[in-house]
Amino acid sequence: MVIGYITGGNIGLLYFILNLPVLLWGWFAVGHRFIMWSIYTVILSTLFLQIIPVTQIAEDIVLGSVFGGILVGFGSGLTLRYGGSSGGFDIIASIVTRKRDLPVGMIIFILNGAVIALLVMFTQNWDSALYSLLSIFSAGKVVDLIHVRHIKLTAFIITTKTEELLAKLLSHPRGITIIKTRGAYSQADRDMLMTVRTKYELAELSKTITSIDPHAFINIVETVGVIGDFSKPKD
């Protein structure tokens, strides 16, 4: 977009051309399925950038920046949540999150912020740069509200059906620890299973547990950080 505004070039075509090397990088770094969906999104975005007319809706540039950012963030977040991306920095952010446990929206904001810094260098237009940062910040926040894979939760599950639950839950690439417990009131011995999952996986986890043991007691707490291997041990 910045190149298009400076040179007067076609933003849709520039968007497509500049995405090609990033898509190629992602093909090897992220995975084929992710990039195939990303290519589909990039092609559709390029097409709609050509056919949808540019029409001013809001007179207030602040409203335009905020709600434009919300719409962009909603689209990007939804695409990322279901295994694709809108291309560009979304792919780079997805590559970074495979190495570092960071929110995707924050990474996208930082990368776009660097581009805005270049915009200021070329145009010396601080107003446009700050409005753009406001839009990018809104988009990043919405992405992190929808794409919640970076948020970790620890589930403590007290159950009498340990083996049945383990047979189902251990098919998932997350580790589980068994802790022996005893009820203070009933004095009955129980097993407590402890596992760390992402917020995105919580609904599936809860459904699996309640289908096997409807009387299981589940305590879910948000995890500040995880040190060590987050996945199930290979041995």
Is it the case that F34 is under 20 Å from V143 (Cα atoms) and at pLDDT 90 or above? no
Only one of L14, L71, L80, L24 is of a type in the set (A, V, I, L, M) and buried (at least 18 other Cβ atoms within 10 Å of the Cβ). Can you tell me which? L80
Only one of these is in a helix (DSSP H, G or I), free of Cβ contacts under 8 Å to residues at least 24 places away in the same chain and assigned by TED's automatic domain parsing to the domain that holds S132: L63, L49, L80. Name it. L63
Return yes when D144 is of a type in the set (D, E, K, R), at negative phi and under 12 Å from the mean Cα position of the chain (by Cα) and no when it is not. yes
Conditions (1) exposed (fewer than 11 other Cβ atoms within 10 Å of the Cβ); (2) in a helix (DSSP H, G or I) -> K180 fails only (2)
Just need a number here: residues in region 147-177 that are in contact (Cβ under 8 Å) with a residue 24 or more places away in the chain, part of a helix (DSSP H, G or I) and surrounded by fewer than 19 Cβ atoms within 10 Å (Cβ to Cβ). 4
Just give me the residues in region 20-46 being in contact (Cβ under 8 Å) with a residue 60 or more places away in the chain and assigned to a loop (DSSP other than H, G, I, E, B), in sequence order. V30
Restricting to region 30-54, name every residue that is surrounded by fewer than 16 Cβ atoms within 10 Å (Cβ to Cβ) and either closer than 15 Å to F89 by Cβ or over 20 Å from the mean Cα position of the chain (by Cα) (or both). I43, L44, L47, F48, Q50, I51, I52, P53, V54
Between F89, F67, which is in contact with a helix residue (DSSP H, G or I) (Cβ under 6 Å, 6 or more places away or on another chain) and under 25 Å from L119 (Cα atoms)? F89
Just the residues that are loosely packed, with under 12 Cβ neighbours inside 10 Å and under 19 Å from E163 (Cα atoms), please, taken from region 187-228. A188, D189, E204, K207, S211, P214, H215
Residues of region 94-138 that turn out to be within 15 Å of the chain's Cα centre (by Cα) and either closer than 21 Å to T223 by Cβ or at pLDDT below 85 (or both), as a count: 14
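The values are calculated or read from the model by the stated rules, or taken from the named source; none is laboratory data. Model, not experiment: these values are computed from the prediction. Please note: Cβ atoms are built from the backbone with ideal geometry, for glycine as well, and neighbour counts cover all protein chains shown.
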